[in-house]
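Down below is the structure, laid out as structure tokens.
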Amino acid sequence: MTNNTLTVDQLNQIHKQYATLTKALIQHNISITTMESCTSGLIASLITDTEGSSAIFRGAYITYSNQAKIKAGVPSEIIEKFGVYSIETAVVMATACRKAFSADIGIGVTGSMGNIDPANGDSVPGEVFFAIDFRGNITQHHIKILPQESRFDYKLAVAAAVAKEINKLILIYN
């Protein structure tokens, strides 16, 4: 086991973090949606683990492939010009899902986890880009995840970072 493996306590903490986040979204009547690539729907799953989440969760896209991103509203020109693993792609993902689901918050997440993606030349393991579109106010984030024991651990690390930033925005805009 490496020092970068998530412990059971850390896993429980992430679940609590999302329960708190989802309850805050419900309390403030803030709707949310996601377009997730490298996290494969984990953020949507964590949001919907809280009872009552159907009041604020509008739906989600899991856009693991470039083609799926394009079908969900990311222009192919953005991917071609900036790469699929870029802040520009994450921003368009966030805005596209927010608009498609008429939500207050749209989250776009793209990145490479523990290995290089041979289909995309801009792949850097552990490099993740995410954007949050909160009613048209967009924040951009670029994070680097240390090597993890599993892909699930990578996803959880990204999900924790996303929740932290959403919580900040709720405090700012409400």
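The values are calculated or read from the model by the stated rules, or taken from the named source; none is laboratory data. Owing to the predicted nature of the structure, the values given are computational and were not obtained by experimental measurement. Positions of Cβ are backbone-derived with ideal geometry, glycine not excepted, and every protein chain shown enters the neighbour counts.
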With criteria (1) more than 18 Å from Ile107 (Cα to Cα); (2) among the acidic types (Asp, Glu); (3) under 14 Å from the mean Cα position of the chain (by Cα), Glu51 comes up short on (3)
A careful count of residues in segment 127-144 that are out of contact with any Gly (no Cβ under 7 Å at 6 or more places or on another chain) and either modelled with pLDDT under 95 or under 26 Å from Asn29 (Cβ atoms) (or both) gives 9
Just one listed residue, out of Gly136, Gly83, is out of contact with any His (no Cβ under 8 Å at 6 or more places or on another chain) and touching a residue at least 24 places away in the same chain (Cβ under 8 Å), and it is Gly83
Those residues of segment 30-69 that are in contact (Cβ under 8 Å) with a residue 40 or more places away in the chain and within 20 Å of Gly114 (Cβ to Cβ) come to a total of 8
Of the residues in segment 120-174 that are part of a loop (DSSP other than H, G, I, E, B) and hydrophobic (A, V, I, L, M, F, W, C), the one that is nearest to the chain's Cα centre (by Cα) is Ile145
Is there a residue being touching a Phe, Trp or Tyr at 6+ places or on another chain (Cβ under 8 Å), surrounded by fewer than 19 Cβ atoms within 10 Å (Cβ to Cβ), closer than 22 Å to Leu156 by Cα and in contact (Cβ under 8 Å) with a residue 24 or more places away in the chain anywhere in segment 95-116?
yes
Of the conditions (1) under 13 Å from the mean Cα position of the chain (by Cα); (2) closer than 17 Å to Ile43 by Cα, the single one that Thr89 does not satisfy is (2)
Note on segment 105-132: residues over 13 Å from Ile166 (Cα atoms) and among the small types (Gly, Ala, Ser) are Gly111, Ser112, Gly114, Ala119, Gly121, Ser123, Gly126
Of the residues in segment 11-31 that are out of contact with any helix residue (DSSP H, G or I) (no Cβ under 6 Å at 6 or more places or on another chain) and closer than 17 Å to Ala103 by Cβ, the one that is surrounded by the fewest Cβ atoms within 10 Å (Cβ to Cβ) is Asn29
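Part of a helix (DSSP H, G or I) and closer than 27 Å to Val84 by Cα - does that describe any residue in segment 21-39? Write out each step before concluding.
Narrowing segment 21-39 to residues part of a helix (DSSP H, G or I): 21-27.
Narrowing further to those that are closer than 27 Å to Val84 by Cα: none.
Within segment 21-39 (the criterion being part of a helix (DSSP H, G or I) and closer than 27 Å to Val84 by Cα), the answer is no, since none of the residues qualifies.
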The lone condition Val8 fails out of (1) surrounded by 13 or more Cβ atoms within 10 Å (Cβ to Cβ); (2) more than 17 Å from the chain's Cα centre (by Cα); (3) over 22 Å from Ile105 (Cβ atoms) is (1)
